[in-house]
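The numbers here are math on the coordinates, done by the rules we state, and not lab data. Note that this is a predicted model, so its numbers are computed, not measured. Every residue, glycine among them, receives a Cβ derived from its backbone with ideal geometry; neighbour counts consider all protein chains shown.
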Amino acid sequence: MSRFVLKRRPAEDTPAETPVEDEAVADTPEPAPAPAQEEPEPPARERPEIDGDMLEAKLQIHNKLIDELDLSNLDQMTPEELRTQIGVFVTKAIADQRLPMGAAEVKDFTDDIVNEMVGLGPLEPLLQDDSIADILINGYNQVYIERGGELELSNARFRDNLHLRRIINKIVSAVGRRVDEGSPLVDARLADGSRVNAAIEPIAIDGPLVSIRKFSKKPFTLEKLVEFQAIPKPVADFLYGAVKSRVTAIISGGTGSGKTTLLNALSAAISHKERLITIEDAAELQLQQPHVARMETRPANLEGNGEIKQRELVKNALRMRPDRVILGEVRSEEAFDMLQAMNTGHEGSMATIHANNPREAITRLEQMVAMGGLRISQEAVRGQISAAIGIIIQAQRLSDGSRRITHVTEVTGMEGEVIQMQDLFVFKRVDTGEDGSVIGEFRATGLRPKCLDEMTRKGIVVPAETFDPSKPLLSVGGKNG
Ligand SMILES: Nc1ncnc2c1ncn2[C@@H]1O[C@H](COP(=O)(O)OP(=O)(O)OP(=O)(O)O)[C@@H](O)[C@H]1O
Ligand SMILES: [Mg+2]
């Protein structure tokens with residue numbers, strides 16, 4: 001909950017009155033020790049609110065610090081050195097002024113200052129907390145976080161919208177972008193890979209809106225997804241085998257349903273001997289291979305020039321000798337080029353798509369191809385789609401916040417003008433628990449996948465029980481966090 005902004009003139013720094021609902025945590029009144037030097041633990045604890053006098057006193061320390069610290073040296077210091085220096089300074093200043101601050105508060109205070117100087121201010125504790133998946137800021141005094149699939153209001157606050165704007169500027173300027181009234185929407189990426197979207201006035205009405213999808217430091221593996229009951233083990237094994245044997249897979253799902261996570265996890269099945277080319281709007285994939293060539297689109301500059309779209313990148317990728325092309329998310333006309341790639345020797349390519357079920361994923365692909373304005377009949381497009389795509393995997397965030405794979409559906413060909421599909425595995429909701437959790441089960445439909453022949457040829461054995469519809473592959477009754 002930092003409210004401390006680096007400014008030299010105290011006159012400007014009248015603290016904004018932003019009372020927050022409080023959950024007082026008692027600090028043991030012990031003499032302030034030097035701040036801990038070891039790695040800060042993930043800040044799971046809520047911080048107490050600060051009263052006005054204390055805020056003023058802290059502000060003074062803050063300004064004194066700016067005056068006395070040798071700022072020219074800052075660049076050469078590591079964050080740890082800076083933290084230590086500031087810690088020593090703060091401890092002394094607090095002792096001099098006899099401020100009644102407990103050890104935890106001194107540490108918070110020191111952290112706040114360091115975070116402002118070298119980091120993203122109030123966002124830092126949230127960025128460091130690995131249990132947080134999303135950070136959603138609606139103006140300076142409302143910061144929501146997503147944990148375990150559920151949204152909650154956090155205690156983080158900015159001093160005012162100007163403070164928030166400064167942090168946004170810090171984020172976007174680091175990746176050579178800018179945000180102002182002229183171009184109030186911007187995508188960016190944090191140094192750690194987290195994906196950021198910011199919208200400011202006049203588009204955002206009540207102050208800047210920022211959405212951050214945190215980069216998972218350790219992306220989920222398939223084993224982890226099985227452990228979280230997002231997918232039954234036999235289905236995970238089947239998908240692993242399918243990707244390994246170059247069955248082309250599309251991962252479909254709504255916003256934040258776990259598409260990218262699954263794509264990352266499935267990429268583990270790809271041989272390390274293959275060359276992968278990834279194409280994304282904001283690079284966030286973490287494929288598990290040594291040989292990955294990563295490309296990212298570029299938005300137009302202020303004059304409206306220089307935009308490089310996914311379509312160009314897909315075309316270019318084909319001149320780069322890829323074994324597989326991985327598209328972070330197919331969303332527009334590049335769908336056509338992607339399908340062509342999948343149909344011309346780049347089987348096993350993968351992409352995610354925003355759709356609510358496998359059938360809709362196909363319809364959306366058709367619409368995307370149409371966006372390219374090519375003169376090609378609907379039947380031909382469908383032919384391309386059915387020839388290119390092997391399986392569609394549907395990810396979903398359920399009403400209780402849990403994320404699960406709800407369908408594995410195979411594209412089996414065309415009949416007349418209709419693309420034929422068959423579900424291989426489905427998740428069915430059977431009931432709702434008292435706590436609102438979704439009770440359900442994963443089951444095979446009993447259909448034998450067409451791609452099994454190809455998999456068998458490549459030496460991949462899938463046990464027959466995997467396709468046995470008579471009993472559930474996995475029953476779930478609670479959240480999988
Ligand atoms: N099975 C799961 N269990 C718990 N958390 C998950 C699971 N799958 C994904 N997550 C978490 O959910 C968040 C969203 O996942 P992810 O980025 O993969 O979604 P997405 O569908 O690609 O989102 P977007 O539509 O924004 O691209 C991430 O923080 C991720 O770590
Ligand atoms: Mg994604």
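Dividing the C-alpha radius of gyration of the chain by 2.2 N^0.38 Å, with N its residue count, gives 1.13. Close amide-amide hydrogen proximity is noted between GLU329 and ASP281, THR352, each under 5 Å apart and 5 or more residues distant or on a separate chain (H modeled in the peptide plane; Pro and chain starts excluded). Within the chain, antiparallel bridges make up roughly 70 percent of the DSSP beta bridges whose residues both belong there. The alpha carbons of the stretch 338-412 occupy a box of 45, 24, 18 Å along the principal axes, longest dimension given first. Where a ≥ b ≥ c are the square roots of the eigenvalues of the C-alpha gyration tensor, would you call the stretch 126-213 rounded, which needs a/c under 1.5, or, failing that, prolate if a/b is larger than b/c, or oblate? Oblate is the answer for the stretch 126-213, as a/c is 1.5 or above yet b/c matches or exceeds a/b.
Scanning residues 5 or more positions from VAL438 or on other chains, those with amide H under 5 Å from its amide H are ASP400, GLY433, with H placed 1.01 Å from N in the peptide plane. The calculated FRET efficiency for the pair ILE308 and LEU153, based on their C-beta separation and a Förster distance of 35 Å, comes to about 0.35. Taking 11 Å as the cut-off, the amide N atoms of the stretch 377-410 that come nearer than this to a point 7 Å along the Cα-to-beta-carbon line of LEU447 belong to 392, 408-410. Entry note: the stretch 222-476 has Rg to Rh equal to 0.97, where both radii use alpha-carbon atoms and Rh is the Kirkwood radius. Projecting the Cα atoms of GLN422, VAL118, PHE442 onto the dipole axis of the chain, where Lys and Arg carry +1 and Asp and Glu carry -1 at the beta carbon, places GLN422 farthest toward the positive end.
Each residue, ARG397 and SER271, gets one label point 7 Å from its Cα in the Cβ direction; the gap between the two is 3.8 nm.
Taking every lysine pair in the stretch 222-476 that is 8 or more places apart or spans two chains, those with Cα atoms closer than 25 Å amount to 28.
Ordering ALA199, ALA249, ILE137 by the projection of their Cα atoms onto the charge dipole of the stretch 137-286, which places +1 on the Cβ of Lys and Arg and -1 on the Cβ of Asp and Glu, puts ALA249 at the extreme positive end. Dividing the mean sequence gap of close Cα pairs (under 8 Å, 6+ apart) by how many residues the chain holds gives a relative contact order of 11 percent.
Mind pulling the angle between the C-alpha long axis of helix 161-174 and the longest principal axis of the chain? Nearest 10 degrees, somewhere in 0 to 90. The two axes meet at around 60 degrees.
Ellipsoid fit via the Cα gyration tensor, the stretch 87-142: semi-axes of 27, 11, 11 Å, each the root of five times an eigenvalue, largest first. The residues ASP129, ASP453, when put in order of fewest to most other Cβ atoms within 10 Å, stand as ASP453, ASP129.
For the pair ILE376 and GLU181, label points projected 7 Å from Cα toward Cβ lie 4.5 nm apart.
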